[in-house]
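Here the structure comes first, spelled out in C-alpha coordinates, and everything after it is commentary.
The values are calculated or read from the model by the stated rules, or taken from the named source; none is laboratory data. Quick caveat: nothing in here was measured; it's all calculated off a predicted structure. Cβ placement follows ideal geometry from the backbone for every residue including glycine, while neighbour counts extend to all protein chains displayed.
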Ligand code: HEM
Ligand SMILES: [Fe+2]
(Lines give C-alpha, C1' and ligand atoms only; values in the text may rest on other atoms or scores of the structure.)
(Ligands and ions follow the chains in the order given, each with its own letter.)
Protein backbone atom coordinates (compact mmCIF):
# COMPACT_ATOMS: atom_id res chain seq x y z
CA UNK A 1 0.00 0.00 0.00
CA UNK A 2 1.38 3.35 -0.97
CA UNK A 3 0.24 5.48 1.91
CA UNK A 4 0.67 8.77 0.08
CA UNK A 5 -1.78 8.08 -2.68
CA UNK A 6 -3.77 5.28 -1.12
CA UNK A 7 -2.90 3.19 -4.12
CA UNK A 8 -2.47 -0.49 -3.90
CA UNK A 9 -1.58 -3.11 -6.40
CA UNK A 10 -2.13 -6.01 -4.12
CA UNK A 11 -4.05 -8.93 -5.40
CA UNK A 12 -7.78 -8.63 -5.49
CA UNK A 13 -9.75 -8.62 -2.19
CA UNK A 14 -10.35 -11.88 -0.29
CA UNK A 15 -12.36 -14.20 -2.51
CA UNK A 16 -15.36 -14.19 -0.16
CA UNK A 17 -15.88 -10.48 -0.85
CA UNK A 18 -17.05 -10.71 -4.46
CA UNK A 19 -18.03 -14.35 -4.41
CA UNK A 20 -20.93 -13.98 -1.99
CA UNK A 21 -22.55 -11.58 -4.48
CA UNK A 22 -21.79 -13.80 -7.45
CA UNK A 23 -23.31 -16.80 -5.70
CA UNK A 24 -26.53 -15.10 -4.59
CA UNK A 25 -27.13 -13.37 -7.94
CA UNK A 26 -28.08 -16.60 -9.78
CA UNK A 27 -30.28 -17.65 -6.84
CA UNK A 28 -32.38 -14.50 -7.18
CA UNK A 29 -32.39 -15.01 -10.94
CA UNK A 30 -33.69 -18.51 -10.32
CA UNK A 31 -36.36 -17.18 -7.97
CA UNK A 32 -37.49 -14.81 -10.73
CA UNK A 33 -37.66 -17.72 -13.19
CA UNK A 34 -39.65 -19.86 -10.77
CA UNK A 35 -42.18 -17.08 -10.23
CA UNK A 36 -42.42 -16.64 -13.96
CA UNK A 37 -43.19 -20.29 -14.64
CA UNK A 38 -45.46 -20.59 -11.63
CA UNK A 39 -47.69 -17.71 -12.63
CA UNK A 40 -47.33 -18.25 -16.37
CA UNK A 41 -48.61 -15.55 -18.70
CA UNK A 42 -50.21 -13.66 -15.81
CA UNK A 43 -46.70 -12.69 -14.79
CA UNK A 44 -46.27 -10.51 -17.83
CA UNK A 45 -49.81 -9.48 -18.65
CA UNK A 46 -49.62 -6.03 -17.16
CA UNK A 47 -46.81 -3.93 -15.79
CA UNK A 48 -48.41 -3.34 -12.47
CA UNK A 49 -49.36 -6.80 -11.28
CA UNK A 50 -47.71 -7.75 -7.97
CA UNK A 51 -45.93 -10.69 -9.59
CA UNK A 52 -44.48 -8.51 -12.33
CA UNK A 53 -43.09 -6.06 -9.81
CA UNK A 54 -41.62 -8.91 -7.76
CA UNK A 55 -40.01 -10.53 -10.81
CA UNK A 56 -38.67 -7.18 -12.03
CA UNK A 57 -36.86 -6.51 -8.80
CA UNK A 58 -35.61 -10.06 -8.33
CA UNK A 59 -33.98 -9.57 -11.71
CA UNK A 60 -32.79 -5.98 -11.40
CA UNK A 61 -31.78 -5.80 -7.76
CA UNK A 62 -31.28 -9.51 -7.19
CA UNK A 63 -29.42 -10.52 -10.28
CA UNK A 64 -28.08 -7.41 -12.01
CA UNK A 65 -27.20 -5.20 -9.11
CA UNK A 66 -25.88 -8.08 -6.99
CA UNK A 67 -23.52 -9.08 -9.79
CA UNK A 68 -22.56 -5.48 -10.49
CA UNK A 69 -21.69 -4.84 -6.85
CA UNK A 70 -19.63 -8.02 -6.64
CA UNK A 71 -17.84 -7.15 -9.86
CA UNK A 72 -17.08 -3.63 -8.69
CA UNK A 73 -15.65 -4.86 -5.43
CA UNK A 74 -13.44 -7.14 -7.45
CA UNK A 75 -12.51 -4.69 -10.18
CA UNK A 76 -11.96 -1.43 -8.34
CA UNK A 77 -8.48 -2.48 -7.17
CA UNK A 78 -7.56 -3.72 -10.63
CA UNK A 79 -8.99 -0.99 -12.80
CA UNK A 80 -8.76 1.98 -10.51
CA UNK A 81 -5.99 1.12 -8.10
CA UNK A 82 -7.91 1.95 -4.98
CA UNK A 83 -9.69 -0.92 -3.28
CA UNK A 84 -12.70 -0.42 -1.05
CA UNK A 85 -11.96 0.22 2.61
CA UNK A 86 -12.39 -2.77 4.92
CA UNK A 87 -13.77 -4.98 2.16
CA UNK A 88 -14.79 -7.91 4.38
CA UNK A 89 -16.99 -5.91 6.73
CA UNK A 90 -18.35 -3.78 3.94
CA UNK A 91 -19.29 -6.69 1.71
CA UNK A 92 -20.90 -8.62 4.56
CA UNK A 93 -23.03 -5.71 5.69
CA UNK A 94 -24.04 -4.62 2.18
CA UNK A 95 -24.87 -8.19 1.24
CA UNK A 96 -27.03 -8.85 4.30
CA UNK A 97 -28.97 -5.59 3.91
CA UNK A 98 -29.53 -6.19 0.22
CA UNK A 99 -30.68 -9.79 0.62
CA UNK A 100 -33.07 -9.03 3.47
CA UNK A 101 -34.35 -5.87 1.83
CA UNK A 102 -34.92 -7.56 -1.49
CA UNK A 103 -36.68 -10.57 0.04
CA UNK A 104 -38.95 -8.18 1.95
CA UNK A 105 -39.60 -6.11 -1.17
CA UNK A 106 -40.34 -9.10 -3.40
CA UNK A 107 -42.62 -10.73 -0.84
CA UNK A 108 -44.18 -7.36 -0.08
CA UNK A 109 -45.11 -7.00 -3.74
CA UNK A 110 -46.24 -10.64 -4.09
CA UNK A 111 -48.49 -10.71 -1.05
CA UNK A 112 -49.36 -6.99 -1.19
CA UNK A 113 -48.02 -6.73 2.34
CA UNK A 114 -47.40 -3.18 3.55
CA UNK A 115 -45.29 -4.12 6.54
CA UNK A 116 -42.82 -5.98 4.34
CA UNK A 117 -42.57 -3.01 1.98
CA UNK A 118 -41.89 -0.76 4.95
CA UNK A 119 -39.17 -3.13 6.15
CA UNK A 120 -37.59 -3.27 2.71
CA UNK A 121 -37.14 0.48 2.44
CA UNK A 122 -34.55 1.19 5.14
CA UNK A 123 -32.84 -2.11 4.49
CA UNK A 124 -32.33 -1.55 0.76
CA UNK A 125 -31.49 2.09 1.36
CA UNK A 126 -28.80 1.17 3.90
CA UNK A 127 -27.25 -1.51 1.69
CA UNK A 128 -27.20 0.58 -1.46
CA UNK A 129 -26.04 3.80 0.22
CA UNK A 130 -23.22 2.01 2.03
CA UNK A 131 -22.07 0.55 -1.23
CA UNK A 132 -22.47 3.85 -3.09
CA UNK A 133 -20.52 5.68 -0.39
CA UNK A 134 -17.66 3.19 -0.35
CA UNK A 135 -17.48 3.00 -4.14
CA UNK A 136 -17.45 6.79 -4.46
CA UNK A 137 -14.65 7.10 -1.93
CA UNK A 138 -12.63 4.58 -3.88
CA UNK A 139 -13.44 6.22 -7.21
CA UNK A 140 -12.41 9.64 -5.87
CA UNK A 141 -8.93 8.29 -5.18
CA UNK A 142 -8.57 6.74 -8.62
CA UNK A 143 -5.01 6.75 -9.94
CA UNK A 144 -6.06 7.60 -13.47
CA UNK A 145 -9.30 9.17 -14.50
CA UNK A 146 -10.16 7.34 -17.66
CA UNK A 147 -13.46 6.68 -19.40
CA UNK A 148 -14.12 3.61 -17.25
CA UNK A 149 -13.73 5.57 -14.03
CA UNK A 150 -16.05 8.25 -15.36
CA UNK A 151 -18.64 5.63 -16.32
CA UNK A 152 -18.46 4.03 -12.89
CA UNK A 153 -18.77 7.38 -11.10
CA UNK A 154 -21.82 8.33 -13.12
CA UNK A 155 -23.32 4.90 -12.57
CA UNK A 156 -22.96 5.21 -8.81
CA UNK A 157 -24.53 8.68 -8.94
CA UNK A 158 -27.41 7.25 -10.97
CA UNK A 159 -27.82 4.50 -8.38
CA UNK A 160 -28.43 7.11 -5.70
CA UNK A 161 -31.02 8.87 -7.89
CA UNK A 162 -32.70 5.52 -8.59
CA UNK A 163 -32.82 4.76 -4.90
CA UNK A 164 -34.31 8.12 -3.89
CA UNK A 165 -37.05 7.75 -6.50
CA UNK A 166 -37.55 4.12 -5.45
CA UNK A 167 -38.18 5.20 -1.87
CA UNK A 168 -40.76 7.72 -3.07
CA UNK A 169 -42.67 5.15 -5.14
CA UNK A 170 -42.39 2.64 -2.31
CA UNK A 171 -44.26 4.96 0.03
CA UNK A 172 -47.18 4.58 -2.37
CA UNK A 173 -47.20 0.83 -1.75
CA UNK A 174 -46.53 1.16 1.95
CA UNK A 175 -49.16 3.73 2.84
CA UNK A 176 -51.52 3.23 -0.12
CA UNK A 177 -51.56 6.74 -1.36
CA UNK A 178 -51.34 7.63 -5.01
CA UNK A 179 -47.85 8.22 -6.38
CA UNK A 180 -47.88 9.42 -9.99
CA UNK A 181 -46.67 6.80 -12.48
CA UNK A 182 -44.38 9.50 -13.87
CA UNK A 183 -42.12 8.95 -10.89
CA UNK A 184 -42.06 5.19 -11.44
CA UNK A 185 -41.03 5.71 -15.05
CA UNK A 186 -38.28 8.10 -14.06
CA UNK A 187 -37.19 5.64 -11.35
CA UNK A 188 -36.86 2.73 -13.70
CA UNK A 189 -35.15 4.78 -16.40
CA UNK A 190 -32.49 5.91 -13.93
CA UNK A 191 -32.10 2.30 -12.87
CA UNK A 192 -31.84 0.76 -16.33
CA UNK A 193 -30.38 3.50 -18.52
CA UNK A 194 -28.52 5.11 -15.63
CA UNK A 195 -27.11 2.65 -13.15
CA UNK A 196 -27.02 -0.50 -15.27
CA UNK A 197 -26.19 0.84 -18.74
CA UNK A 198 -23.65 3.43 -17.58
CA UNK A 199 -21.79 0.73 -15.71
CA UNK A 200 -21.89 -1.74 -18.57
CA UNK A 201 -20.66 0.91 -21.01
CA UNK A 202 -17.87 2.10 -18.72
CA UNK A 203 -16.68 -1.42 -18.07
CA UNK A 204 -17.00 -2.38 -21.75
CA UNK A 205 -14.38 0.23 -22.67
CA UNK A 206 -11.76 -1.83 -20.82
CA UNK A 207 -13.15 -5.31 -20.87
CA UNK A 208 -14.17 -5.72 -24.50
CA UNK A 209 -10.85 -4.72 -26.07
CA UNK A 210 -8.75 -6.53 -23.49
CA UNK A 211 -10.55 -9.79 -22.90
CA UNK A 212 -12.09 -10.24 -26.31
CA UNK A 213 -9.08 -8.77 -28.12
CA UNK A 214 -10.92 -6.27 -30.26
CA UNK A 215 -9.64 -2.89 -31.43
CA UNK A 216 -10.15 -0.08 -28.88
CA UNK A 217 -13.33 1.99 -28.75
CA UNK A 218 -13.06 5.24 -30.71
CA UNK A 219 -11.59 8.12 -28.71
CA UNK A 220 -14.56 10.47 -29.14
CA UNK A 221 -16.80 7.83 -27.68
CA UNK A 222 -14.66 7.22 -24.63
CA UNK A 223 -14.35 10.93 -23.96
CA UNK A 224 -17.98 12.01 -24.07
CA UNK A 225 -20.37 9.14 -24.30
CA UNK A 226 -21.29 8.39 -20.69
CA UNK A 227 -21.31 12.04 -19.66
CA UNK A 228 -23.73 12.89 -22.47
CA UNK A 229 -25.93 9.96 -21.53
CA UNK A 230 -26.06 11.21 -17.94
CA UNK A 231 -26.85 14.79 -19.01
CA UNK A 232 -29.49 13.39 -21.36
CA UNK A 233 -31.07 11.55 -18.43
CA UNK A 234 -31.20 14.72 -16.34
CA UNK A 235 -32.74 16.68 -19.20
CA UNK A 236 -35.27 14.02 -20.03
CA UNK A 237 -36.32 13.70 -16.37
CA UNK A 238 -37.03 17.42 -16.14
CA UNK A 239 -38.94 17.54 -19.43
CA UNK A 240 -40.86 14.39 -18.64
CA UNK A 241 -41.91 15.74 -15.26
CA UNK A 242 -43.12 18.97 -16.88
CA UNK A 243 -44.94 17.00 -19.56
CA UNK A 244 -47.30 15.58 -16.95
CA UNK A 245 -48.96 19.02 -16.88
CA UNK A 246 -50.28 18.16 -20.32
CA UNK A 247 -48.27 20.68 -22.33
CA UNK A 248 -47.78 19.55 -25.94
CA UNK A 249 -44.49 21.37 -26.28
CA UNK A 250 -43.10 19.54 -23.27
CA UNK A 251 -44.35 16.23 -24.62
CA UNK A 252 -42.53 16.79 -27.90
CA UNK A 253 -39.36 17.85 -26.10
CA UNK A 254 -39.52 14.90 -23.71
CA UNK A 255 -39.97 12.53 -26.66
CA UNK A 256 -36.97 14.11 -28.34
CA UNK A 257 -34.90 13.66 -25.21
CA UNK A 258 -35.91 10.03 -24.70
CA UNK A 259 -35.27 9.29 -28.37
CA UNK A 260 -31.83 10.77 -27.94
CA UNK A 261 -31.18 8.42 -25.01
CA UNK A 262 -32.39 5.45 -27.06
CA UNK A 263 -30.34 6.36 -30.12
CA UNK A 264 -27.30 6.92 -27.95
CA UNK A 265 -27.65 3.40 -26.57
CA UNK A 266 -28.12 2.14 -30.13
CA UNK A 267 -24.80 3.75 -31.07
CA UNK A 268 -23.12 1.88 -28.23
CA UNK A 269 -24.70 -1.39 -29.33
CA UNK A 270 -23.69 -0.96 -32.98
CA UNK A 271 -20.12 0.11 -32.22
CA UNK A 272 -19.56 -2.71 -29.75
CA UNK A 273 -21.09 -5.26 -32.11
CA UNK A 274 -18.77 -4.14 -34.88
CA UNK A 275 -15.70 -4.17 -32.65
CA UNK A 276 -16.50 -7.73 -31.64
CA UNK A 277 -16.73 -8.64 -35.31
CA UNK A 278 -13.09 -7.58 -35.62
CA UNK A 279 -11.78 -9.54 -32.70
CA UNK A 280 -8.37 -11.08 -33.08
CA UNK A 281 -9.11 -14.08 -30.95
CA UNK A 282 -10.83 -16.45 -33.35
CA UNK A 283 -11.64 -19.30 -31.00
CA UNK A 284 -15.33 -19.58 -30.09
CA UNK A 285 -16.14 -17.84 -26.85
CA UNK A 286 -19.45 -18.26 -25.03
CA UNK A 287 -19.17 -14.88 -23.38
CA UNK A 288 -18.96 -13.19 -26.77
CA UNK A 289 -22.24 -14.87 -27.76
CA UNK A 290 -23.90 -13.59 -24.61
CA UNK A 291 -22.58 -10.13 -25.39
CA UNK A 292 -23.81 -10.12 -28.95
CA UNK A 293 -27.26 -11.40 -28.03
CA UNK A 294 -27.44 -8.65 -25.43
CA UNK A 295 -26.39 -5.96 -27.90
CA UNK A 296 -28.98 -7.06 -30.46
CA UNK A 297 -31.70 -6.85 -27.80
CA UNK A 298 -30.48 -3.41 -26.72
CA UNK A 299 -30.55 -2.23 -30.33
CA UNK A 300 -34.07 -3.62 -30.89
CA UNK A 301 -35.28 -2.02 -27.68
CA UNK A 302 -33.87 1.36 -28.73
CA UNK A 303 -35.34 1.21 -32.23
CA UNK A 304 -38.71 0.10 -30.90
CA UNK A 305 -38.77 3.03 -28.50
CA UNK A 306 -37.96 5.64 -31.13
CA UNK A 307 -40.50 4.20 -33.58
CA UNK A 308 -43.16 4.19 -30.88
CA UNK A 309 -42.53 7.92 -30.31
CA UNK A 310 -43.28 8.59 -33.99
CA UNK A 311 -46.03 6.07 -34.59
CA UNK A 312 -49.01 6.32 -32.19
CA UNK A 313 -50.42 2.92 -33.16
CA UNK A 314 -47.34 1.21 -31.79
CA UNK A 315 -47.34 3.44 -28.73
CA UNK A 316 -50.91 2.33 -27.99
CA UNK A 317 -50.14 -1.35 -28.38
CA UNK A 318 -50.76 -2.80 -24.91
CA UNK A 319 -47.79 -5.17 -25.05
CA UNK A 320 -45.24 -2.50 -25.96
CA UNK A 321 -44.03 -1.69 -22.45
CA UNK A 322 -43.67 -5.32 -21.52
CA UNK A 323 -41.69 -6.05 -24.67
CA UNK A 324 -39.39 -3.07 -24.05
CA UNK A 325 -38.82 -4.15 -20.47
CA UNK A 326 -38.05 -7.74 -21.37
CA UNK A 327 -35.65 -6.69 -24.15
CA UNK A 328 -33.83 -4.26 -21.88
CA UNK A 329 -33.69 -6.26 -18.66
CA UNK A 330 -33.49 -9.89 -19.76
CA UNK A 331 -32.32 -9.53 -23.34
CA UNK A 332 -29.65 -6.91 -22.80
CA UNK A 333 -28.61 -6.52 -19.17
CA UNK A 334 -28.91 -10.11 -17.96
CA UNK A 335 -27.07 -11.43 -21.04
CA UNK A 336 -24.18 -9.03 -20.73
CA UNK A 337 -23.84 -9.46 -16.99
CA UNK A 338 -23.90 -13.22 -17.55
CA UNK A 339 -21.07 -12.85 -20.02
CA UNK A 340 -19.04 -11.06 -17.38
CA UNK A 341 -19.84 -13.55 -14.63
CA UNK A 342 -18.91 -16.39 -16.89
CA UNK A 343 -15.39 -14.94 -17.12
CA UNK A 344 -14.89 -13.50 -13.67
CA UNK A 345 -16.19 -16.26 -11.40
CA UNK A 346 -13.99 -19.16 -12.61
CA UNK A 347 -10.99 -16.85 -12.70
CA UNK A 348 -11.50 -15.86 -9.07
CA UNK A 349 -11.62 -19.46 -8.05
CA UNK A 350 -8.49 -20.15 -10.04
CA UNK A 351 -6.66 -17.19 -8.56
CA UNK A 352 -7.69 -18.18 -5.10
CA UNK A 353 -6.57 -21.78 -5.42
CA UNK A 354 -3.33 -20.58 -6.99
CA UNK A 355 -2.38 -18.61 -3.91
CA UNK A 356 -3.51 -20.96 -1.21
CA UNK A 357 -0.51 -21.67 0.97
CA UNK A 358 0.96 -25.06 0.22
CA UNK A 359 -1.21 -25.69 -2.80
CA UNK A 360 0.42 -27.56 -5.64
CA UNK A 361 1.23 -25.36 -8.60
CA UNK A 362 -0.33 -27.72 -11.10
CA UNK A 363 -3.73 -26.17 -10.92
CA UNK A 364 -6.74 -27.34 -12.87
CA UNK A 365 -7.39 -24.78 -15.55
CA UNK A 366 -10.51 -22.79 -16.12
CA UNK A 367 -12.38 -24.73 -18.78
CA UNK B 1 7.65 10.11 -20.55
CA UNK B 2 4.68 9.03 -22.62
CA UNK B 3 7.20 7.68 -25.15
CA UNK B 4 8.33 5.05 -22.66
CA UNK B 5 4.83 4.17 -21.49
CA UNK B 6 3.58 3.92 -25.05
CA UNK B 7 6.42 1.58 -25.95
CA UNK B 8 5.49 -0.74 -23.08
CA UNK B 9 1.79 -0.65 -23.91
CA UNK B 10 2.66 -1.46 -27.53
CA UNK B 11 4.53 -4.52 -26.24
CA UNK B 12 1.38 -5.67 -24.43
CA UNK B 13 -0.64 -5.37 -27.61
CA UNK B 14 1.96 -7.13 -29.74
CA UNK B 15 2.02 -10.03 -27.28
CA UNK B 16 -1.78 -10.21 -27.43
CA UNK B 17 -1.60 -10.66 -31.19
CA UNK B 18 0.87 -13.51 -30.87
CA UNK B 19 -1.23 -15.09 -28.15
CA UNK B 20 -4.27 -15.14 -30.46
CA UNK B 21 -2.31 -16.65 -33.35
CA UNK B 22 -0.92 -19.46 -31.22
CA UNK B 23 -4.29 -20.23 -29.73
CA UNK B 24 -5.89 -20.43 -33.16
CA UNK B 25 -3.27 -22.91 -34.35
CA UNK B 26 -3.87 -25.11 -31.31
CA UNK B 27 -7.63 -24.96 -31.80
CA UNK B 28 -7.11 -26.13 -35.40
CA UNK B 29 -4.71 -28.82 -34.17
CA UNK B 30 -1.93 -27.65 -36.45
CA UNK B 31 0.68 -28.76 -33.99
CA UNK B 32 3.92 -27.85 -35.78
CA UNK B 33 2.68 -24.34 -36.44
CA UNK B 34 1.27 -24.12 -32.92
CA UNK B 35 4.59 -25.07 -31.36
CA UNK B 36 6.35 -22.35 -33.31
CA UNK B 37 3.75 -19.66 -32.68
CA UNK B 38 3.59 -20.49 -29.01
CA UNK B 39 7.36 -20.27 -28.77
CA UNK B 40 7.26 -16.84 -30.41
CA UNK B 41 4.59 -15.73 -28.03
CA UNK B 42 6.45 -16.92 -24.96
CA UNK B 43 9.67 -15.31 -26.19
CA UNK B 44 7.98 -11.96 -26.73
CA UNK B 45 6.36 -12.16 -23.33
CA UNK B 46 9.62 -13.12 -21.67
CA UNK B 47 11.32 -10.19 -23.36
CA UNK B 48 8.64 -7.80 -22.13
CA UNK B 49 8.75 -9.19 -18.61
CA UNK B 50 12.50 -8.71 -18.56
CA UNK B 51 12.12 -5.11 -19.69
CA UNK B 52 10.06 -4.57 -16.61
CA UNK B 53 11.93 -6.72 -14.14
CA UNK B 54 15.44 -5.76 -15.18
CA UNK B 55 15.04 -2.12 -16.19
CA UNK B 56 11.76 -0.46 -15.32
CA UNK B 57 11.06 -1.87 -11.87
CA UNK B 58 14.60 -1.45 -10.50
CA UNK B 59 14.68 2.16 -11.71
CA UNK B 60 11.31 2.81 -10.10
CA UNK B 61 12.27 1.06 -6.87
CA UNK B 62 15.50 3.00 -6.66
CA UNK B 63 13.80 6.33 -7.22
CA UNK B 64 10.89 5.81 -4.85
CA UNK B 65 12.33 3.40 -2.30
CA UNK B 66 9.23 1.22 -2.73
CA UNK B 67 10.64 -2.25 -3.06
CA UNK B 68 7.89 -4.22 -1.38
CA UNK B 69 4.96 -2.39 -2.93
CA UNK B 70 3.44 -2.48 -6.38
CA UNK B 71 6.45 -3.91 -8.19
CA UNK B 72 6.57 -6.91 -5.90
CA UNK B 73 2.97 -7.79 -6.75
CA UNK B 74 3.72 -7.39 -10.46
CA UNK B 75 6.73 -9.71 -10.16
CA UNK B 76 4.56 -12.32 -8.44
CA UNK B 77 2.03 -12.16 -11.23
CA UNK B 78 4.82 -12.55 -13.76
CA UNK B 79 5.74 -15.80 -12.02
CA UNK B 80 2.13 -17.02 -12.28
CA UNK B 81 2.24 -16.28 -15.98
CA UNK B 82 5.53 -18.13 -16.42
CA UNK B 83 3.97 -21.17 -14.81
CA UNK B 84 1.16 -21.05 -17.36
CA UNK B 85 3.63 -20.60 -20.26
CA UNK B 86 5.30 -23.75 -19.11
CA UNK B 87 2.00 -25.66 -18.84
CA UNK B 88 0.95 -24.48 -22.29
CA UNK B 89 4.19 -25.62 -23.87
CA UNK B 90 3.74 -29.01 -22.20
CA UNK B 91 0.22 -29.26 -23.58
CA UNK B 92 1.51 -28.60 -27.07
CA UNK B 93 4.13 -31.32 -26.66
CA UNK B 94 1.38 -33.72 -25.61
CA UNK B 95 -0.94 -32.49 -28.37
CA UNK B 96 -3.48 -31.81 -25.64
CA UNK B 97 -5.90 -29.38 -27.27
CA UNK B 98 -8.40 -29.09 -24.42
CA UNK B 99 -5.64 -28.71 -21.87
CA UNK B 100 -4.04 -25.87 -23.82
CA UNK B 101 -7.29 -24.02 -24.43
CA UNK B 102 -8.12 -24.14 -20.74
CA UNK B 103 -4.69 -22.83 -19.82
CA UNK B 104 -4.79 -20.13 -22.47
CA UNK B 105 -8.19 -18.97 -21.23
CA UNK B 106 -6.77 -18.66 -17.73
CA UNK B 107 -3.65 -16.93 -18.99
CA UNK B 108 -5.67 -14.45 -21.01
CA UNK B 109 -7.57 -13.26 -17.98
CA UNK B 110 -4.53 -13.25 -15.74
CA UNK B 111 -2.49 -11.40 -18.33
CA UNK B 112 -5.15 -8.82 -19.14
CA UNK B 113 -6.00 -7.95 -15.58
CA UNK B 114 -2.27 -7.65 -14.98
CA UNK B 115 -1.84 -5.37 -18.00
CA UNK B 116 -4.80 -3.33 -16.85
CA UNK B 117 -3.17 -2.73 -13.48
CA UNK B 118 0.09 -1.77 -15.13
CA UNK B 119 -1.46 0.53 -17.70
CA UNK B 120 -3.90 2.21 -15.34
CA UNK B 121 -1.94 2.32 -12.15
CA UNK B 122 1.71 1.35 -12.23
CA UNK B 123 2.77 3.07 -15.45
CA UNK B 124 1.27 6.40 -14.39
CA UNK B 125 3.19 6.08 -11.10
CA UNK B 126 6.36 5.27 -13.01
CA UNK B 127 5.72 8.21 -15.27
CA UNK B 128 5.67 10.56 -12.31
CA UNK B 129 8.70 9.05 -10.64
CA UNK B 130 11.00 8.72 -13.62
CA UNK B 131 10.09 11.70 -15.73
CA UNK B 132 13.67 12.87 -16.15
CA UNK B 133 15.19 9.53 -17.11
CA UNK B 134 12.94 8.33 -19.86
CA UNK B 135 15.38 8.34 -22.78
CA UNK B 136 17.95 6.56 -20.73
CA UNK B 137 15.48 3.85 -19.66
CA UNK B 138 14.08 3.47 -23.13
CA UNK B 139 17.58 2.90 -24.48
CA UNK B 140 18.23 0.22 -21.87
CA UNK B 141 14.94 -1.48 -22.75
CA UNK B 142 15.78 -1.45 -26.45
CA UNK B 143 19.05 -3.21 -25.67
CA UNK B 144 17.15 -6.26 -24.40
CA UNK B 145 15.61 -7.91 -27.44
CA UNK B 146 14.07 -11.30 -28.15
C1 LIG C 1 -31.07 -0.54 -9.99
C2 LIG C 1 -32.09 -0.78 -9.24
C3 LIG C 1 -33.54 -0.81 -9.70
C4 LIG C 1 -34.06 -1.01 -10.95
C5 LIG C 1 -33.30 -1.27 -12.25
C6 LIG C 1 -35.50 -0.94 -10.81
C7 LIG C 1 -36.38 -1.10 -11.87
C8 LIG C 1 -37.76 -0.93 -11.77
C9 LIG C 1 -38.67 -1.08 -12.85
C10 LIG C 1 -38.28 -1.51 -14.27
C11 LIG C 1 -39.92 -0.80 -12.39
C12 LIG C 1 -41.19 -0.84 -13.18
C13 LIG C 1 -41.80 -2.19 -13.00
C14 LIG C 1 -42.96 -2.39 -13.92
O15 LIG C 1 -43.24 -1.53 -14.75
O16 LIG C 1 -43.59 -3.47 -13.80
C17 LIG C 1 -39.79 -0.46 -10.99
C18 LIG C 1 -40.84 -0.13 -10.16
C19 LIG C 1 -40.73 -0.03 -8.78
N20 LIG C 1 -39.55 -0.08 -8.05
FE21 LIG C 1 -37.72 -0.39 -8.77
N22 LIG C 1 -35.83 -0.72 -9.51
C23 LIG C 1 -34.67 -0.63 -8.80
C24 LIG C 1 -34.52 -0.41 -7.45
C25 LIG C 1 -35.59 -0.32 -6.56
C26 LIG C 1 -35.46 -0.23 -5.13
C27 LIG C 1 -34.14 -0.22 -4.35
C28 LIG C 1 -36.74 -0.16 -4.62
C29 LIG C 1 -37.22 -0.09 -3.20
C30 LIG C 1 -36.59 0.46 -2.20
C31 LIG C 1 -37.65 -0.15 -5.74
C32 LIG C 1 -39.02 -0.04 -5.65
C33 LIG C 1 -39.90 0.01 -6.70
C34 LIG C 1 -41.32 0.15 -6.57
C35 LIG C 1 -42.09 0.29 -5.27
C36 LIG C 1 -41.85 0.12 -7.88
C37 LIG C 1 -43.33 0.18 -8.27
C38 LIG C 1 -43.78 1.57 -8.45
C39 LIG C 1 -45.24 1.64 -8.80
O40 LIG C 1 -46.03 0.79 -8.38
O41 LIG C 1 -45.59 2.59 -9.51
N42 LIG C 1 -36.92 -0.26 -6.92
N43 LIG C 1 -38.45 -0.55 -10.64
FE1 LIG D 1 3.76 -5.47 -18.58
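Can you spot a residue in region B:96-103 that is loosely packed, with under 15 Cβ neighbours inside 10 Å and within 16 Å of ligand 2 (Cβ to nearest atom)? Scanning region B:96-103, I find no residue that is loosely packed, with under 15 Cβ neighbours inside 10 Å and within 16 Å of ligand 2 (Cβ to nearest atom), so the answer is no. Annotation note: of B:12, B:48, B:86, B:40, the sole residue that is within 13 Å of chain A (Cβ to nearest Cβ) and either within 16 Å of ligand 1 (Cβ to nearest atom) or free of Cβ contacts under 8 Å to residues at least 60 places away in the same chain (or both) is B:86.
Picking from residues in region B:23-33 that are in a helix (DSSP H, G or I) and without any contact (Cβ under 8 Å) to a residue 60 or more places away in the chain, the one that is nearest to residue A:281 (Cα to Cα) is B:24.
For region B:96-118, the condition of being modelled with pLDDT of 90 or more and away from chain A (no Cβ under 13 Å) holds for none of the residues. Test residue A:33 against the criterion of being more than 13 Å from ligand 1 (Cβ to nearest atom) and more than 14 Å from chain B (Cβ to nearest Cβ), and give yes or no. Judged against the criteria, residue A:33 is a match. Of the helices (runs of 4 or more DSSP H) lying entirely inside region A:152-250, the ones with 3 or more residues being within 14 Å of another protein chain (Cβ to nearest Cβ) are found at A:198-212.
Within region B:94-113, the only residue that satisfies the criterion of being over 24 Å from residue A:286 (Cβ atoms) and touching a residue at least 12 places away in the same chain (Cβ under 8 Å) is B:95.
Answer with yes or no whether residue A:61 is part of a helix (DSSP H, G or I), within 14 Å of chain B (Cβ to nearest Cβ) and either surrounded by 19 or more Cβ atoms within 10 Å (Cβ to Cβ) or at pLDDT 95 or above (or both). The answer is no for residue A:61. Report the residue count in region A:230-255 for those that are buried (at least 17 other Cβ atoms within 10 Å of the Cβ) and over 22 Å from residue A:307 (Cα atoms). Of the residues in region A:230-255, 1 are buried (at least 17 other Cβ atoms within 10 Å of the Cβ) and over 22 Å from residue A:307 (Cα atoms).
Considering only residues in region B:9-31 that are surrounded by fewer than 18 Cβ atoms within 10 Å (Cβ to Cβ) and within 16 Å of ligand 2 (Cβ to nearest atom), the one that is nearest to residue B:88 (Cα to Cα) turns out to be B:17. Scanning region A:296-323 for residues being surrounded by fewer than 19 Cβ atoms within 10 Å (Cβ to Cβ) and under 16 Å from the mean Cα position of the chain (by Cα) gives a total of 0. Considering only residues that are within 19 Å of the chain's Cα centre (by Cα) and within 11 Å of ligand 1 (Cβ to nearest atom), which ones fall in region A:98-122? Residues satisfying the conditions are A:98, A:101, A:102, A:105, A:106.
Residues considered: B:76, B:45. Of these, the only one that is crowded, with 20+ Cβ neighbours inside 10 Å and either within 14 Å of ligand 2 (Cβ to nearest atom) or closer than 19 Å to residue B:114 by Cα (or both) is B:45. Taken over region A:271-286, residues that are touching a helix residue (DSSP H, G or I) at 6+ places or on another chain (Cβ under 7 Å) and free of Cβ contacts under 8 Å to residues at least 60 places away in the same chain amount to 5. Out of all the residues in region A:13-29, is one or more within 14 Å of another protein chain (Cβ to nearest Cβ) and either farther than 18 Å from residue A:336 by Cα or at pLDDT 85 or above (or both)? Yes; the residues of region A:13-29 include at least one that is within 14 Å of another protein chain (Cβ to nearest Cβ) and either farther than 18 Å from residue A:336 by Cα or at pLDDT 85 or above (or both).
Just so you know, in region B:51-74 the residues that are within 11 Å of chain A (Cβ to nearest Cβ) and within 18 Å of residue B:123 (Cβ to Cβ) include one that is modelled with the highest pLDDT, and it is B:74.
Screening residue A:227 against (1) under 30 Å from residue A:122 (Cβ atoms); (2) surrounded by fewer than 21 Cβ atoms within 10 Å (Cβ to Cβ); (3) under 18 Å from the mean Cα position of the chain (by Cα) leaves a single unmet condition, (1).
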